[in-house]
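Reading through the structure tokens given below for one structure.
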Amino acid sequence: MAETMTSAQVRESFIKFFESKGHLFVRSSPVVPHDDPTLMFTNAGMNQFKAIFLGDNPKGWKRVCNSQKCLRVSGKHNDLDVVGRDNYHHTFFEMLGNWSFGDYYKKEAIAWAWELLTEVWKLPKERLFATVYEDDDEAWQIWKDVSGLPDDRIMRFGAHSNFWEMGDTGPCGPCSEIHYDRGDIATQAETFKDPIKGVNGENDRYIEIWNNVFMQYERLSDGSLVPLKAKNVDTGMGFERICAILQGKTSNYDTDVFTPIISKVAELSGVPYNDGVEGTPHRVIADHLRALSFAIADGALPSNEGRGYVLRRILRRASRFARLLGQKEAFIYKLVQVLADTMGDAFPEIRERKDFVANVIKSEEESFIRTLDAGLERFETISADLKKGEKIPGDKVFLLYDTYGFPPDLTGILAEEKGLLIDEEGYEKCMQEQKDRARANMKKGINTMGSEGWTEYAVGSTQFVGYEADTAKVKVLRFREDKGILSIVLDTTPFYAEMGGQVGDKGLLQAEGLDIAIFDTIRVNDTIVHRGKVTKGEANKDTMSVEFVAKVDMRLRDDIRANHSATHLLQAALRQVLGSHVAQQGSRVEPGFLRFDFSHFQAMTKEEIQQVEDIVNDKIRATLPVNTDVMDVDAAKASGAMALFGEKYGEEVRV
Ligand code: SER
């Protein structure tokens, strides 16, 4: 093998090699494809060239090469569930590629692939295998002539592995893969002594490193194939895998692509890394950090829908694994800097946007962590009674969702780890029932917080007075202590609970000899729960039975309020500049920043952003008076008020 190269050198030598064969280097496109509605995320190097394959080549490109940022977490190519459990699957990865648009074809593609692997990188020929599509005699013969590989090392496979398609529709064609035998390293080595079983078998001894697609068809939505105008080549090589091979590592995670991140995970958590099962959390976190960071840097945001929801799932999976490393606070965002340091040269966008990326990840982590604890405990109790292969009943899946914010797919992941399934139909049924019940029970103020451990003084619901007052005399209806954290429900409260992406209030609960610092206010179903820590005195059945003064930290509240108003200004300005189709998809309002997710069909231009900023700033500088009126919904609408996504409104609304 050649002298050990760093990953940066591997990337560079690939590109140099193809430049020397007349290829133009084209930058990676964003991992969020802004112009292809058939794709959620960029999943292959060829995505940005799709139109060229389909016949539209305005720049007249013939040969190009690059290293493309890819994400495989949804749709046709999806590896999410196995990531971290083995050493070579990833959600985010780089794909080194070379392309011919109606220029060279099978012969050159195969010859150059062989030259790069065996002459430039000096991989031992006896470890390489080629595969071709079952009836592709032409490719088979080229391999024979070019490589001199023995006949049984040029293997034929069916469409599953050797006919590549971009998605349900789009360009496609037969392909030829190159596999590498990593030798006696895997536990299954014995089983796979026979490469015929090893190549394309699920094992980590024989791994695919490079796919050469001979793009000659388009798949139409009725399933039929039509020939493309020209014959093209589309190749993709797994960058992390080739780095592992060239650096003599058995795991991608032991290459310098990952080691800085993994070391940081180990350093910050105090849990050392190894490449066995114990290292799964490190690997999951390192992988998901890359996926999240690049997707966010390229313009996606976690949300409740579509692409954003996939990101939210990835974050929650990572966050769950951070918890296995003992991390009870936001953790993943702390790694963004290392990623920017290791990948900022190849992909400057990650360095430029690292603060924004870290902010988004942190706020998502924090909002998820709030419910994780209680939910995990509950999950353990529920699953303890079930045997492998059994289903977690729909009502329990629903309970985890409804009370602890666990989306059913997260419960699915947790269940899978225990060899369990979830009853999705039952869950859907409960969801519908709840919607019906909610309508019927609107006014009854039912307490749905059924868990144990509460000290209860009185049954009732909380009167919220936070619009009129920042301080109130209050009594505790019930409270519970868990590992030093108090959960308190009051008869009256000026504390605003987290809702619609706006963080809950902080402040103080005070009685004679007892101070409780409230660090968060959350909503569990419709109940406002104050989360606090005793800073003076002791909380017990007696001391908690008295009257308290509840005081909201108004400095923070004012900042939250200002940012809340700013989301409305921002939305109005966006609608003015971009059009009335702009709809809010979610938001996050904190004292220090706000985030506003909205739908629009393309990226905003610099000018549009400037215009929006100017409108918002002008409105702020005008220091317009803010008046509050309570009116019924129809009157509110008539006055020009806009109902927001995801908010439920009562009959009377505050405008
Ligand atoms: N498009 C092919 C793949 O993704 C080759 O780049 O495997």
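Between E278, E208, which is within 16 Å of the ligand (Cβ to nearest atom) and outside any loop (DSSP other than H, G, I, E, B)?
On the way: E278 fails: within 16 Å of the ligand (Cβ to nearest atom).
E208 is the lone residue from the list that is within 16 Å of the ligand (Cβ to nearest atom) and outside any loop (DSSP other than H, G, I, E, B).
Within region 37-55, which residues are open to solvent by 20 Å² or more (accessible area, probe 1.4 Å) and of a type outside the set (A, V, I, L, M, F, W, C)?
P37, T38, Q48, K50, G55
Is it the case that G148 is at positive phi and either more than 14 Å from the ligand (Cβ to nearest atom) or surrounded by fewer than 20 Cβ atoms within 10 Å (Cβ to Cβ) (or both)? Can you show your working first?
Working: at positive phi: yes; either more than 14 Å from the ligand (Cβ to nearest atom) or surrounded by fewer than 20 Cβ atoms within 10 Å (Cβ to Cβ) (or both): yes.
When the stated conditions are applied, G148 passes them.
With the requirement that a residue be at pLDDT 90 or above and either in a strand (DSSP E or B) or within 15 Å of the ligand (Cβ to nearest atom) (or both), what does region 54-71 give you? Even if it seems obvious, please write down each step before you answer.
Initial filter on region 54-71 (at pLDDT 90 or above): 60-71.
Listed by number, the residues that qualify are R63, V64, C65, N66, S67, Q68, K69, C70, L71.
Could you tell me whether region 75-86 includes any residue that is within 16 Å of the ligand (Cβ to nearest atom), more than 14 Å from G236 (Cα to Cα), within 29 Å of the chain's Cα centre (by Cα) and in contact (Cβ under 8 Å) with a residue 40 or more places away in the chain?
yes
Among D234, D287, D222, D298, which is the only one that is without any contact (Cβ under 8 Å) to a residue 12 or more places away in the chain and not β-branched (V, I, T)? Spell out the reasoning first.
Details: D234 fails: without any contact (Cβ under 8 Å) to a residue 12 or more places away in the chain; D287 fails: without any contact (Cβ under 8 Å) to a residue 12 or more places away in the chain; D298 fails: without any contact (Cβ under 8 Å) to a residue 12 or more places away in the chain.
Among D234, D287, D222, D298, only D222 is without any contact (Cβ under 8 Å) to a residue 12 or more places away in the chain and not β-branched (V, I, T).
Out of region 72-90, which residues are touching a helix residue (DSSP H, G or I) at 6+ places or on another chain (Cβ under 7 Å) and either of a type in the set (G, A, S) or modelled with pLDDT of 95 or more (or both)?
If the condition is that a residue be touching a helix residue (DSSP H, G or I) at 6+ places or on another chain (Cβ under 7 Å) and either of a type in the set (G, A, S) or modelled with pLDDT of 95 or more (or both), then S74, G84 are the ones that fit.
Select the helices (runs of 4 or more DSSP H) contained entirely in region 289-358, then report the ones holding at least 3 residues which are farther than 17 Å from V31 by Cα.
306-324, 336-343
Can you name every residue in region 387-397 that is open to solvent by 20 Å² or more (accessible area, probe 1.4 Å) and closer than 24 Å to G84 by Cβ? Write out each step before concluding.
Kept after step one, since they are open to solvent by 20 Å² or more (accessible area, probe 1.4 Å), are these residues of region 387-397: 387-391, 393, 395-396.
Answer for region 387-397, where residues must be open to solvent by 20 Å² or more (accessible area, probe 1.4 Å) and closer than 24 Å to G84 by Cβ: K388, G389.
Tell me, which residue of region 180-206 that is among the basic types (K, R) and in contact with a strand residue (DSSP E or B) (Cβ under 8 Å, 6 or more places away or on another chain) is modelled with the highest pLDDT? Spell out how you get there, then give the answer.
Our first condition is that a residue be among the basic types (K, R); within region 180-206, this holds for 182, 193, 197, 205.
If we keep only those that are in contact with a strand residue (DSSP E or B) (Cβ under 8 Å, 6 or more places away or on another chain) too, we end up with 182, 205.
Values: R182: 86, R205: 83.
Checking each candidate, the answer is R182.
One line per residue, one yes/no per condition, for (1) under 29 Å from D520 (Cα atoms); (2) open to solvent by 20 Å² or more (accessible area, probe 1.4 Å):
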residue	(1), (2)
R351	no, yes
L372	yes, no
D385	no, yes
L399	yes, yes
L414	yes, no
C430	no, yes
Q434	yes, yes
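I want to confirm something. Restricting to region 251-263 and keeping residues that are touching a residue at least 60 places away in the same chain (Cβ under 8 Å) and surrounded by 20 or more Cβ atoms within 10 Å (Cβ to Cβ), which single residue is farthest from the chain's Cα centre (by Cα)?
Among those residues, the one meeting the criterion is T255.
Residues E177, E240: which one is at pLDDT 95 or above, surrounded by 14 or more Cβ atoms within 10 Å (Cβ to Cβ) and touching a Ser or Thr at 6+ places or on another chain (Cβ under 6 Å)? First the steps, then the outcome.
Details: E240 fails: touching a Ser or Thr at 6+ places or on another chain (Cβ under 6 Å).
None of the others qualify; the one that does is E177.
The values are calculated or read from the model by the stated rules, or taken from the named source; none is laboratory data. Just so you know, these numbers come straight off a predicted model, no measurement behind them. A quick note on method: Cβ atoms are made from the backbone with ideal geometry, for glycine too, and the neighbour counts reach across all protein chains shown. Side chains are part of the model used for accessible areas, which takes the heavy atoms of the whole protein and leaves out ligands, DNA and RNA. Shrake-Rupley method; radii C 1.70, N 1.55, O 1.52, S 1.80 Å.
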